[in-house]
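Please read the structure below before turning to the comments.
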Amino acid sequence: MATALSRLTLLQPRTLDGALRMLRDEGPLVPLAGCTDLYVGLHFGTVPQQRFLDLSGLRALGGICLRGDTLVIGALATYTDLIRSALVRRRLPILAEASRWVGSPQIQNRGTIGGNVANASPAGDTLPVLAVAEATVVLRSADGQRRVAFGDFYTGYRQTAMRPDELIVAIEVPRVAGRQWFRKVGTRAAQAISKVVMAAVRAPHPRVALGSVAPTVVRAPRTEAVLAGGGTIAEAQAVLADEIRPIDDLRSTAAYRRRVSANLLAQFWGDTGDQGT
Ligand SMILES: Cc1cc2nc3c(=O)[nH]c(=O)nc-3n(C[C@H](O)[C@H](O)[C@H](O)COP(=O)(O)OP(=O)(O)OC[C@H]3O[C@@H](n4cnc5c(N)ncnc54)[C@H](O)[C@@H]3O)c2cc1C
């Protein structure tokens, strides 16, 4: 029986070098990791490409380790890997927390951090965490490797700085000083795309990032400056309202997202202050 999938070609490299050569010489190819995003697109006919590169067998893209003082997370690390990793729980507990809120156990078992970052949805739950952690995206092609600061990785709605011949091989996270905070607001606890998602760090210069309130995940530098300068939470909320660009869509309204973003900022501040310990 012919199926919708039978027209598709899947290349299955055994090594990362082999994968990168295929990407350069046999492209265009669409990398495929856990396939949780891609399968939805294939099912609904919104992925026109027919040639795919299966990354799932590439051991070089797996693993979570410390290199010096840097937490290095392989692109193929799944949400379940992140939840179970003692290193992640110790160094970046909000990444384990964000992973617990993704989809369902089935999605957590297959979905990868590399896929979440590359998919470039403004609602991706790990993205505000990586933004406040000031992570680095490690990209590799057959011609070499480069590192892109997470803050420079997204260039527009679902646009990234990654070239078609590059793969995300890892995410590097420096040590984060200060209390970490994460909250996702969706329709329900499981299987819900974020209406608003916020990650923050309470440090002398606080860091705040939000998803689902602009075309890309955003840091809120002017809000952070108000908080760092000793401004009131009401002043910070007013600045935040001007810093985000939420829209009405099928999941929520811009007005609701603005209200919730302001509430989350106050909750972060309350939870992480002296009274919040
Ligand atoms: C039912 C359901 C619930 C979901 N719930 C959530 C949720 O709550 N929160 C959330 O954030 N997401 C959610 N998602 C989306 C999805 O699970 C995540 O974005 C996941 O992390 C994607 O990873 P993947 O490995 O499956 O990516 P894939 O589907 O394999 O790929 C996604 C995109 O990334 C590219 N890609 C993958 N890996 C690499 C790489 N190493 N280098 C370069 N490009 C790469 C692919 O080419 C593709 O464009 C959900 C999806 C489903 C189906």
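Bear in mind that the values in this text are calculations on the coordinates, not laboratory data. What you see is a predicted model; the values in this text were computed from it and never measured. Note that we place each Cβ from the backbone using ideal geometry, even for glycine, and neighbour counts take in every protein chain shown.
General observations
- Cα pair distances exceeding 20 angstrom across segment 1-123, given as percent: 48 percent
- Mean residue ellipticity (222 nm) of the chain, computed from DSSP H runs ≥ 4 via -39,500 (n - 2.57), nearest 500: -10000 deg cm²/dmol
- Using the average count of surrounding beta-carbon atoms within 10 Å as a protection proxy, the listed peptides 27-35, 41-49 rank, highest first, as 27-35, 41-49.
- Rounded to the nearest 10 degrees, the inclination of helix 233-243 to the longest alpha-carbon principal axis of the chain is 40 degrees.
- Cβ-Cβ FRET estimate between ALA60 and HIS205, R0 fixed at 51 Å, reported to 0.05: 0.90
- Charge dipole of the chain (Cα centre as origin; +1 on each Lys and Arg Cβ, -1 on each Asp and Glu Cβ, all else neutral): 440 debye, rounded to the nearest 20.
- Distant-in-sequence amide H partners of ALA192 (H built 1.01 Å from N, under 5 Å): GLY103
- Principal-axis analysis of the Cα atoms of the chain puts helix 16-25 at an angle of about 70° to the longest axis.
- Rounded to 10°, Cα long-axis angle of helix 254-272 versus longest principal axis of the chain: 70 degrees
- Net charge, LEU240 excluded, C-beta distance under 14 Å - Lys, Arg +1, Asp, Glu -1: +3
- Set of segment 167-186 residues, backbone N closer than 17 Å to the point 7 Å along the Cα-Cβ line of ALA149: 172-177
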